[in-house]
Amino acid sequence: MVGQSYISFKKQQEQDRSAFDAIVIGSGTGGLSVAALLAKEGKRVLVLEQHYVIGGYTHAFTRKGYIWDVGLHYVGQVHIPGTLLNKVFRYITNDNLKWEPLDDVYDRAVFGDTEYEFPRGRKNLIAKLKEYFPAEEDGHSIDMYFTLLDSVNNLGIGYYIEKVLPAFLAKMLGNFLRKDVLRVSDQTTLEVLQSITDNEKLIGVLTAQYGDYGLQPSESSFYMHATLANHYMDGAGYPVGGGQRLAETIVPVIEEAGGTAVYRAAVKNIIVEKNKAVGVEMADGKSIHAKIIISDAGIVNTFSTLLPEEVIEQHSLKEQLKELTPSLAHMGLYVGIKESTKNLNLPKCNYWIFPDEYNHVVNQAGYTDVHAQLPVAFASFPSAKDPESEETHPGRTTAEVIILLPYEWFKKWEGTEWNKRSDEYEELKSKIGEQMFEQLYRVAPQLKGKIDYYEISSPLSTRHFSGHPKGEIYGAGHTPKRFRQKFLKTHTPVKNLYLTGQDAMIASISGGVMGGVLCASAILKKNMLWKIKRSIKG
């Protein structure tokens, strides 16, 4: 297992009293990436993870000889040599993480009985959309859409620079640096698309991947949508060996510098003295000190739970959090089949599955109880994506279905213990699970009657393992209002306390990693992107 347990770490610390340069709370992509970057600069870093495995949403879990990813299903650009993300991942893993490209058609959107392909390559996608919607050619709405995507592609530089500036510089330069992004981010995805076309089917297809940032088009910022669409324009990759390979290749980089990653290590509080973060108090009462404290636990957890109450009140942190809305909660179905993936002819792609209704607002509004039709489902096959799967898990096929749903359906069981909840809770999961199986069979009917094992997770599982209060996988929702919140940055009002990950940057695996790059740049006071580009050739 990657890292070491908290018990063994405590025994080691009885002999080793030397201080850490930095403590990172949480081992998601934001936590591991900033830890690796600091380690490569000679810093001794301690990563603390409350879960029993390192990796955050990139970790995998096993049951009955099967293995599934929790949150990593595909990442754009990483499979293409020379791209920025390819270089970043190569740098933080010492080139030990390899990527397998998905199929050329990496995403498929299914509305009723009609399927729409998302092929890799800008020209290929434009051609495919014009094939599906020939009437739109005269109005040039498809060309207008891609022109908009191009215009957004390089807007974020100033916006992200502002996120690493100290408070006095951010106050002086922030409005200027952010203005280009705000012109785009202030509009919802639906508003922008309705301004270029009234074709509801086209809008439905163009926004079919909205589950990748957890907020439907009528609520999400167009900047988030455009960033994601550009991110996947040239397809996507999947880590060879599965999602757990991220932790397996990043943790050794941390250890080489004398640091470590520790699991089953729950942080109770961040210790603050005279408005300066100096350490953390663990759930068992033990204190660990360091010069720098970094939170990858999400801004809501950090500002409302981890900091002392007097610090929260001093900086009106809870008032700031009221400006944010959570992304949608999610639920997962994990399926195992005792048969080779090749025999089952499963693709290396993802499916976005909808009712025979292209208006996502209508779909979401109609999902009022467990008997209503699912507004969206995401299905993929980890064993098909991983070229090592047949070798590591021969004759085993895995499938996953993810859905978005209201957290309120599960709120009544908040105080109950994971894996020990009531029969009513299990019945609710089972009913929703039946619907998820229906969606899986829509795109993979060959699996029907062959299920050997399955497991269902609820938003409470996410809440339990990540601490996100409403089971949201993407943290703060990417609404237009979110992009105007200046406190979503690497610096915090508490000296030597920094934020990393999605909330410091933007949603997704890559957003978490780039949040780590921003955080490391702020701490080290150097442009780590420039150093990465210079260090990684090709």
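The values are calculated or read from the model by the stated rules, or taken from the named source; none is laboratory data. Note that the coordinates shown come from a computational prediction; the quantities given were computed from them, not determined experimentally. Virtual Cβ from ideal backbone geometry, glycine too; neighbours counted across all protein chains shown.
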- Close pairs from the range 505-516: first closer than 13 Å to Leu228 by Cβ, partner assigned to a helix (DSSP H, G or I) and among the acidic types (Asp, Glu), Cβ under 7 Å, at least 6 apart: Ser508/Asp212
- Query: Could you count how many residues in the range 18-64 are part of a loop (DSSP other than H, G, I, E, B) and crowded, with 24+ Cβ neighbours inside 10 Å?
  - Reply: 7
- Message: So for the range 355-362 (the condition being outside any loop (DSSP other than H, G, I, E, B), under 25 Å from Lys98 (Cβ atoms) and either hydroxyl-bearing (Ser, Thr, Tyr) or free of Cβ contacts under 8 Å to residues at least 60 places away in the same chain (or both)), does at least one residue qualify?
- Response: no
- Item | Odd one out for Glu281, checked against (1) over 26 Å from Gly55 (Cβ atoms); (2) part of a strand (DSSP E or B); (3) without any contact (Cβ under 8 Å) to a residue 24 or more places away in the chain | (1)
- Please specify each residue of the range 208-240 satisfying the condition of being surrounded by fewer than 21 Cβ atoms within 10 Å (Cβ to Cβ), over 30 Å from Lys481 (Cβ atoms) and of a type outside the set (D, E, K, R). Val240
- Pair list, Cβ under 6 Å, 6 or more apart: the range 18-30 residue closer than 14 Å to Glu255 by Cβ, other residue surrounded by fewer than 21 Cβ atoms within 10 Å (Cβ to Cβ): Phe20/Arg44
- Task: Would you check if Tyr425 is outside any helix (DSSP H, G or I) and not β-branched (Val, Ile, Thr)?
- Result: no
- Query: modelled with pLDDT of 95 or more, outside the structural domain of Ala208 (by TED's automatic domain parsing) and in a loop (DSSP other than H, G, I, E, B): does that describe Ile80?
  - Reply: yes
- Provide a single number: the residues in the range 77-98 that are in contact with a Gly (Cβ under 7 Å, 6 or more places away or on another chain) and surrounded by 21 or more Cβ atoms within 10 Å (Cβ to Cβ). 2
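Each row is one residue, and each column tells you yes or no for (1) crowded, with 18+ Cβ neighbours inside 10 Å; (2) among the polar types (S, T, N, Q).
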position	(1), (2)
Leu165	yes, no
Leu169	no, no
Leu182	no, no
Ser185	yes, yes
Asn199	yes, yes
Leu206	yes, no
Gln244	yes, yes
Gly258	no, no
Lys268	no, no
- Of residues in the range 111-167 being aromatic (Phe, Trp, Tyr) and assigned to a helix (DSSP H, G or I), the one farthest from Met505 (Cα to Cα): Tyr132
- Query: Residues of the range 1-28 being under 24 Å from Asp95 (Cα atoms), modelled with pLDDT of 95 or more and of a type in the set (Val, Ile, Thr), which ones?
  - Reply: Val24
- Task: Out of the residues in the range 32-73 that are of a type in the set (Ser, Thr, Tyr) and touching a residue at least 60 places away in the same chain (Cβ under 8 Å), state the one that is farthest from Met282 (Cα to Cα).
- Result: Tyr66
- Meets criteria (in the same structural domain as Asn527 (by TED's automatic domain parsing) and closer than 28 Å to Phe118 by Cα) for Thr29: yes
- Message: Can you pull out every residue in the range 124-163 that is more than 23 Å from the chain's Cα centre (by Cα), at pLDDT below 90 and surrounded by 15 or more Cβ atoms within 10 Å (Cβ to Cβ)?
- Response: Glu136
- Task: From Glu417, Glu400, Glu391, Glu455, grab the single residue that is assigned to a helix (DSSP H, G or I) and surrounded by fewer than 22 Cβ atoms within 10 Å (Cβ to Cβ).
- Result: Glu391
- Query: Taking the stated definitions as given, is Tyr74 under 30 Å from Thr392 (Cα atoms) and modelled with pLDDT under 95?
  - Reply: no
- Note on the structure: The correct count of residues that are more than 27 Å from Leu72 (Cβ to Cβ) and either under 26 Å from the mean Cα position of the chain (by Cα) or of a type in the set (A, V, I, L, M) (or both) in the range 180-220 is 15
- Query: Are there any pairs, at least 6 apart or on different chains, whose C-beta atoms fall under 6 Å, with the first in the range 177-205 and more than 19 Å from His478 (Cβ to Cβ) and free of Cβ contacts under 8 Å to residues at least 60 places away in the same chain and the second crowded, with 16+ Cβ neighbours inside 10 Å and of a type in the set (S, T, N, Q), and if so, which?
  - Reply: Ile196/Ser141
- Based on what the data block shows, is Thr341 buried (at least 16 other Cβ atoms within 10 Å of the Cβ), modelled with pLDDT under 95, farther than 29 Å from Glu426 by Cα and not assigned by TED's automatic domain parsing to the domain that holds Pro217? yes
